[in-house]
1. Please state which one of Gly109, Gly91, Gly68, Gly73 is under 27 Å from Ala13 (Cα atoms) and out of contact with any Phe, Trp or Tyr (no Cβ under 7 Å at 6 or more places or on another chain).
2. Kindly indicate which of Tyr121, Tyr127 is outside any loop (DSSP other than H, G, I, E, B) and either open to solvent by less than 50 Å² (accessible area, probe 1.4 Å) or out of contact with any helix residue (DSSP H, G or I) (no Cβ under 8 Å at 6 or more places or on another chain) (or both).
3. Please find, within the range 91-105, the residue that is modelled with the highest pLDDT out of those that are open to solvent by 70 Å² or more (accessible area, probe 1.4 Å) and assigned to a loop (DSSP other than H, G, I, E, B).
4. Only one of Asp116, Asp69 is of a type outside the set (A, V, I, L, M) and at pLDDT 85 or above. Can you tell me which?
5. Restricting the first residue to the range 70-86 and requiring it to be surrounded by fewer than 17 Cβ atoms within 10 Å (Cβ to Cβ), which pairs with a second residue that is of a type outside the set (A, V, I, L, M, F, W, C) meet a Cβ separation below 6 Å and a spacing of at least six or different chains?
6. Which numbered condition in (1) open to solvent by 50 Å² or more (accessible area, probe 1.4 Å); (2) in a strand (DSSP E or B); (3) not small (Gly, Ala, Ser) is the only one that Leu61 fails?
Amino acid sequence: MPFPQLTEADHAAFWRDGYVVKRSFFDAEEIGLLQQAIAQDEGIRSHVVALKDSLGGSTELALWNHPGDDLFGAFARCERMVGGAEKLLGGEVYHYHSKLTMKRPRAGGAWDWHQDYGYWYNNGCLYPDMLSVAIAVDRATQENGCLQ
């Protein structure tokens, strides 16, 4: 079965709106594998840190700069991700970093969103020609603390 791809309409929406939402870009079985890895992979669990938010709560984060030979690396390097990013940005892309944010429902803190271009610039990315990809590994509802 062919995997979902970004369309010309997605490309136009990205440049018009600054984002694209692609529901079911990965199927339930693929997302289940990510959920299992988060729960059981010691490589992930050993790198989780708690980050304080601006209100004194905290949320968990794991961050890595190179896509490894594990499941998360396979997701980052798969044709859906790379080909989609190349379609949106109009050329060759590379992996900057992966971040796993784990906000527990009804517990923990908020994720304080911010602009990273200042960091990118200091790391040799002279233009803001980057994009972020978010994959929801759990349902995002108001009950479990979805984005607002």
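1. On the way: Gly109 fails: under 27 Å from Ala13 (Cα atoms); Gly68 fails: under 27 Å from Ala13 (Cα atoms); Gly73 fails: under 27 Å from Ala13 (Cα atoms).
Just a single option satisfies the conditions, and that option is Gly91.
2. Numbers: Tyr127 fails: outside any loop (DSSP other than H, G, I, E, B).
Checking each option against the conditions leaves just Tyr121.
3. Per the stated criteria, the residue is Glu92.
4. On the way: Asp116 fails: at pLDDT 85 or above.
Just one listed residue meets the conditions, Asp69.
5. Hits for this filter: Gly73/Pro67; Arg77/Pro67.
6. Only one criterion is unmet by Leu61, namely (1).
The values are calculated or read from the model by the stated rules, or taken from the named source; none is laboratory data. The structure presented is a predicted model; accordingly, all values stated were derived computationally and were not measured. Quick reminder, even Gly has a Cβ in these numbers, built from the backbone with ideal geometry, and neighbours come from all protein chains shown. Just so you know, the surface numbers come from the protein's heavy atoms only, side chains and all, with ligands and any DNA or RNA stripped out. Shrake-Rupley method; radii C 1.70, N 1.55, O 1.52, S 1.80 Å.
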